[in-house]
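Trainee: Here's a structure for you.
The values are calculated or read from the model by the stated rules, or taken from the named source; none is laboratory data. Please read these numbers as outputs of a predicted model, since none were measured by experiment. With ideal geometry, Cβ positions are generated from the backbone for all residues, glycine too; neighbour counts draw on all protein chains shown.
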Amino acid sequence: MTFLDEGFQPFGGAIWLEDTFVYQSGVPHMSLPPLSHRAQKTPASPIRRLAGLAQAAEERGTKVYRLNIGQPDLLSPREFIDGIARYNEQVVAYETSQGNRALIEAWSESLNAQYGIGVSEQQMLITMGASEALIFTFMVCCDPGDEILIFDPTYANYIGFSAISGVRLVPLPCSIERKFPIPTRAEIERFISPYTRAILLCNPNNPTGTVATDEELRMLLDVCRERDLYLIVDETYREFVYDGRLPRCILELAGKDPRVVVIDSLSKRFSLCGARIGCMITWNEEVRKAAFHIAQARLAAPTIEQSAAAHMIRTVSSDYVASAHAEYLSRRNAAVDALSKISGVVTHAPEGGFYLLAKLPVVDAEDFAQFMLTDFSYQGATTFVAPAAGFYMRREDGLSTIRIAFVLKESDTREAIRILGEGLAAYNQGTGRR
Ligand SMILES: Cc1ncc(COP(=O)(O)O)c(C=O)c1O
């Protein structure tokens with residue numbers, strides 16, 4: 001099904017499709033030129049796919065607990081809002097393509113203070129979120145048709161980035177029953193082909209919650225050195241590791257290895273998803289320069305947000321991230337505990353991040369997730385979860401699985417999962433369908 005098929009109206013008008021505004025041209029579909037293959041291959045986000053149904057449920061007066069998306073409810077740091085207020089220019093001009101200098105300085109200093117990795121302006125490029133950094137990295141490190149190895153299930157938008165850049169993602173299957181371990185060296189090497197250019201690791205992982213050990217990180221580095229590949233590490237959730245694990249930046253182990261590209265973001269660490277600030281860090285001068293040229297073509301990331309972020313990083317207390325960490329830990333524990341009370345659910349406590357996958361006793365988790373929004377409510381409320389098939393390159397491996405983002409406060413997380421359990425019982429008994 002193509003993007004237009006989902007919301008097609010044959011004779012014009014404007015419609016809302018998920019949260020995207022689509023203007024129909026007023027001429028019949030058949031007379032339009034075709035979409036590019038790239039456009040047709042870019043999937044709708046599995047996270048936002050059912051958003052319209054959630055909105056309709058709310059319009060019917062149902063309270064919807066949103067566990068579908070990694071949008072934290074924690075307040076952004078006051079220091080960021082203050083930074084916005086301090087912006088005092090008469091013209092909101094373009095920032096430089098590399099990014100606000102004060103932000104690069106503040107960010108690199110804080111990374112160096114925490115991880116001792118010695119990065120500076122020369123290694124960093126500010127991007128519109130980790131998302132843009134990933135797109136740049138795919139485009140710089142690969143030609144269309146080249147391959148990147150990923151561990152499946154994976155962050156769903158990597159699939160979108162691969163469609164945009166023409167890169168083929170090669171999935172190495174990881175199973176929920178084995179708690180999604182990083183594949184072994186032998187397993188990885190089996191998937192390397194003459195087209196492989198990189199291994200992409202999300203650490204801590206969205207959606208599995210797996211955190212790589214130092215041994216696993218060293219093994220990945222070794223494979224990349226031996227097979228001449230890039231190692232791209234998405235550290236969007238770096239600080240959120242639990243059970244005694246310490247946050248790890250790959251550059252602590254890799255040093256100045258030019259094969260490594262780190263992707264970072266302020267979105268989750270500081271509850272700043274809408275500020276759209278991320279960065280790409282690499283000691284590889286050629287990669288950084290090529291990414292910089294792409295960055296020049298898109299001109300710049302937002303000026304005011306970068307300026308506010310620079311102020312925030314310089315002034316925010318380390319207590320902010322520490323208390324966010326404590327909050328996510330308590331939510332994780334609440335989510336795992338609440339799920340353990342629902343019979344037939346397979347899950348485990350994620351080691352990091354703020355997501356977990358749960359296999360449900362259903363054949364089609366997407367149908368169940370829809371049912372929760374269209375046909376079910378419990379005491380006036382329902383729960384919105386993301387069907388996990390869209391996080392699997394091998395969709396069939398994730399058909400019974402959902403992803404839960406533990407981004408709501410502990411009591412809401414417990415209540416949302418209790419309602420999920422009630423919904424599951426109704427769904428499997430065939431009751432509750434309108
Ligand atoms: C693993 C991962 N990488 C990247 C991103 C994108 O982050 P940003 O908001 O910085 O673009 C997300 C967002 O959910 C994510 O989960």
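Trainee: Looking at region 231-247, which of its residues are in contact with a Leu (Cβ under 9 Å, 6 or more places away or on another chain) and in contact (Cβ under 8 Å) with a residue 60 or more places away in the chain?
Mentor: Across region 231-247, the qualifying residues are I232, D234, F240, Y242, D243.
Trainee: If you don't mind, there's one more thing I want to ask. For E59, work out the one condition from (1) more than 19 Å from the chain's Cα centre (by Cα); (2) buried (at least 16 other Cβ atoms within 10 Å of the Cβ); (3) assigned by TED's automatic domain parsing to the domain that holds I419 it doesn't fulfil.
Mentor: (2)
Trainee: Let me ask you something else. Looking at this structure, is H348 of a type outside the set (G, A, S) and either in contact with an Asp or Glu (Cβ under 8 Å, 6 or more places away or on another chain) or under 28 Å from N112 (Cβ atoms) (or both)?
Mentor: Taking the combined requirement at face value, the residue does not satisfy it.
Trainee: How many residues are away from the ligand (no atom under 16 Å from the Cβ) and either in contact with a Phe, Trp or Tyr (Cβ under 9 Å, 6 or more places away or on another chain) or within 22 Å of T213 (Cβ to Cβ) (or both) when one looks only at region 334-355?
Mentor: So the count comes out to 6.
Trainee: Considering each of A295, A309 in turn, give the residue that is assigned by TED's automatic domain parsing to the domain that holds N100, under 16 Å from S271 (Cα atoms) and crowded, with 21+ Cβ neighbours inside 10 Å.
Mentor: Of A295, A309, the one residue that is assigned by TED's automatic domain parsing to the domain that holds N100, under 16 Å from S271 (Cα atoms) and crowded, with 21+ Cβ neighbours inside 10 Å is A309.
Trainee: Looking at region 246-276 only, could you name the residues that are within 17 Å of E327 (Cβ to Cβ) and more than 14 Å from the ligand (Cβ to nearest atom)?
Mentor: P247
Trainee: Which members of region 233-283 meet the condition of being β-branched (V, I, T) and part of a loop (DSSP other than H, G, I, E, B)?
Mentor: Within region 233-283, T236, I277 qualify.
Trainee: Out of S76, S108, S97, I need the residue that is at pLDDT 95 or above, within 14 Å of the ligand (Cβ to nearest atom) and of a type outside the set (K, R). Which one?
Mentor: On inspection, the qualifying residue turns out to be S76.
Trainee: Show me the helices (runs of 4 or more DSSP H) found entirely inside region 129-232 where at least 3 residues are crowded, with 18+ Cβ neighbours inside 10 Å and within 13 Å of the ligand (Cβ to nearest atom).
Mentor: Passing ranges, in order: 129-141, 156-165.
Trainee: Let me ask you something else. Tell me, yes or no, whether region 319-334 has at least one residue that is more than 28 Å from T236 (Cα to Cα), surrounded by fewer than 21 Cβ atoms within 10 Å (Cβ to Cβ) and not hydrophobic (A, V, I, L, M, F, W, C).
Mentor: No, there is no match, as no residue in region 319-334 is more than 28 Å from T236 (Cα to Cα), surrounded by fewer than 21 Cβ atoms within 10 Å (Cβ to Cβ) and not hydrophobic (A, V, I, L, M, F, W, C).
Trainee: Further, regarding this structure: Please count how many residues of region 74-108 are under 25 Å from the mean Cα position of the chain (by Cα) and part of a helix (DSSP H, G or I).
Mentor: 9
Trainee: Taking only region 115-128 into account, find how many residues are in contact with a Ser or Thr (Cβ under 9 Å, 6 or more places away or on another chain), more than 16 Å from the ligand (Cβ to nearest atom), outside any loop (DSSP other than H, G, I, E, B) and in contact (Cβ under 8 Å) with a residue 60 or more places away in the chain.
Mentor: Total meeting the criteria: 1.
Trainee: In addition: Of all the residues that make up region 291-319, how many are more than 18 Å from I263 (Cβ to Cβ), outside any helix (DSSP H, G or I) and among the hydrophobic types (A, V, I, L, M, F, W, C)?
Mentor: Total satisfying the criteria: 3.
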